[in-house]
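Here the structure comes first, spelled out in structure tokens, and everything after it is commentary.
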Amino acid sequence: MATGDNILGADSRPSFFLVEGGDKALSPPQDRLGQAVRFAARSLSVMQKEGLVASSVSGQVWRVVSDEGAYLDGFDEAPCPLSFLTVGMVSSFMTELLALAKQRGIALGRVELVQDNYYTMKGSALKGTMTGGAKDVDLEARIESDADAETLRALVCDAVAASPLSGLMRGAQDSLFTLTHQGRPVVPDKAKVVEGEVPPDPSGLIEGVTPASAQPIIRRAGMSPLTEEATSSQGSSLAEEQDRVLHVRGICTVREDGVKQIEQQLFNPHGSIFHFLSDEQGRAPDAISFMAAGIGFCFMTQLGRYAKIAKKHLGAYNVVQDIHFSPGGASGGTGEAGKADPVETHVYLDTDEDEDFARAALDMGEQTCFLHAFCRTDLKARVRVTKA
């Protein structure tokens, strides 16, 4: 059972909302590839986290939150970090698929994308061998169309390649970091360093932001189906030594008004279903905002988890993270595969422990983060097309 304060549960504001005057609180970095997104987040209590995400595409700033379930002794008040990347990925794939079909003159009826993401965790945290991993993505496209199966398969495969996220999937990119310990810069040990100016700790700009709109963006919809692959139990993800496979599913369809609706299911560890909205026209967070939040929240979870396993004090752990993407190959009209620069993360630790612990926390956070593993692993999407 979760202990500590359920801060998100006591918050009267919506979990996700468009921030009133958000451009004054947070701005995306000056883009290098065509679009950029900045994610600034702070830890709250137990596994709860709160962040702001600013996209150069929409010009908007959204407040987003994350929590964990029983497997990490969380309160399950909000989606887990892995949900966000899956939601952003499948939303981006849908955007490129629809844009590419229009360009090629392929008439489509109803389209449903079912995406399965798999991750691994193996080794010992205290021995420094625990490592997170990412596996190839399974993507099934269920499509109503008169086009033949070969045409539709080529459409889906090309849409995946056109997604900006393919720049993080293809090849292997090591993420970049800076480290601030108790307000003082610290040279990391193993982590590669971001060059340039370090922004201030973001906790002050996040606290107390107000909604510009109360439109619901997410809702919880009970527990995911219990399958044979589920191996989790209360606090199981806090075990010092692990060997497990995680599985997250996203099911994406498009409403009549063009807004994407995604159902996220968490099979292992066994967790809740959440329904998300995503939109490239500003009616909900866009795909790159969700993807950025997922990477940042996942890394933060690993910081907090490592401190718990090592029984070290970590009062707060905050981040500012920048990602640079190219426009979508179809939606952005480039006709090229998506590109991305390495993820850049500035880490701020409030801890009574010494600098050696701060360095170890950063290194183990990166080493065990499933989504930084996603970035440093050459991955592909295994595509299957089903004609509805």
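Each value in this text was obtained by applying a stated rule to the coordinates, not by laboratory testing. Note that this is a predicted model, so its numbers are computed, not measured. Cβ: placed from backbone, ideal geometry, glycine included. Neighbour counts: every protein chain shown.
Net charge around F274, counting only other residues with Cβ within less than 13 Å of its Cβ (Lys, Arg = +1; Asp, Glu = -1)? Neighbour charge sum, excluding F274 itself: -2.
For segment 86-114, the residues whose amide N sits under 13 Å from a probe point set 7 Å from the Cα of E144 along the beta carbon direction are 108-112.
For segment 71-165, applying the loop criterion from DSSP together with a ceiling of 10 other beta carbons within 10 Å to the trypsin sites (Lys or Arg not before Pro) yields K127.
One decimal place: the segment R153-E241 gains 27.6 nm when fully extended, by the rule 0.36 nm per residue minus the C-alpha distance. Going from the fewest other Cβ atoms within 10 Å to the most, the residues S12, S289 appear in the order S12, S289. Computed over the alpha-carbon atoms, segment 178-278 gives an Rg to Rh ratio of 1.10, Rh here being the Kirkwood radius from the mean inverse distance.
Taking Cα atoms only, the orientation of helix 355-368 departs from the longest principal axis of the chain by about 20 degrees.
Can you flag which of K192/K260; K190/K312; K24/K49; K122/K192; K24/K339; K135/K192 are past 27 Å Cα-Cα? Exceeds cut-off: K192/K260; K24/K339. Partner aspartates and glutamates whose Cα lies under 17 Å from the Cα of K127, excluding those fewer than 8 positions away in the same chain, are identified as D189, E240, E241, D243, D356, D363, E366.
Each other residue within a Cβ distance under 14 Å of C80 adds +1 if Lys or Arg and -1 if Asp or Glu, for a net charge of -1. The relative contact order of segment 7-387 comes to 29 percent, based on Cα pairs under 8 Å that sit 6 or more residues apart.
Only helical runs count toward this figure. For the chain, summing -39,500 (n - 2.57) over DSSP H runs of n ≥ 4 and dividing by all residues gives -7500 deg cm²/dmol at 222 nm. Label-to-label distance, K311 versus D378, with points set 7 angstrom from Cα along the beta-carbon direction: 4.4 nm. Counting only Cα atoms, segment 1-151 measures 56, 43, 32 Å along its principal axes, largest extent leading. Entry note: segment 47-114 has Rg to Rh equal to 1.13, where both radii use alpha-carbon atoms and Rh is the Kirkwood radius. When the trypsin sites (Lys or Arg not before Pro) in segment 174-242 are filtered for DSSP coil states and for at most 13 other beta-carbon atoms within 10 Å of their beta-carbon, the remaining sites are K190. Taking the fewest neighbouring Cβ atoms within 10 Å as the starting point, the ordered list for S163, S175 is S175, S163. In the chain, the alpha-carbon atoms span a convex hull of 126 Å³ per residue.
Legend: ranking of residues I7, I143, I251 from fewest to most surrounding C-beta atoms inside 10 Å; resulting order I7, I251, I143.
Net charge within 13 Å of G132 by Cβ-Cβ distance, Lys/Arg positive one each and Asp/Glu negative one each, not counting G132 itself?
Summing Lys/Arg as +1 and Asp/Glu as -1 gives +2.
Qualifying trypsin sites (Lys or Arg not before Pro) in segment 1-75, where qualification requires a DSSP coil assignment and no more than 13 other C-beta atoms within 10 Å, comprise R32. For a modelled paramagnetic label at T231, 7 Å from Cα along Cα-to-Cβ, the residues of segment 124-146 in reach, with backbone nitrogen under 20 Å, are 124-138.
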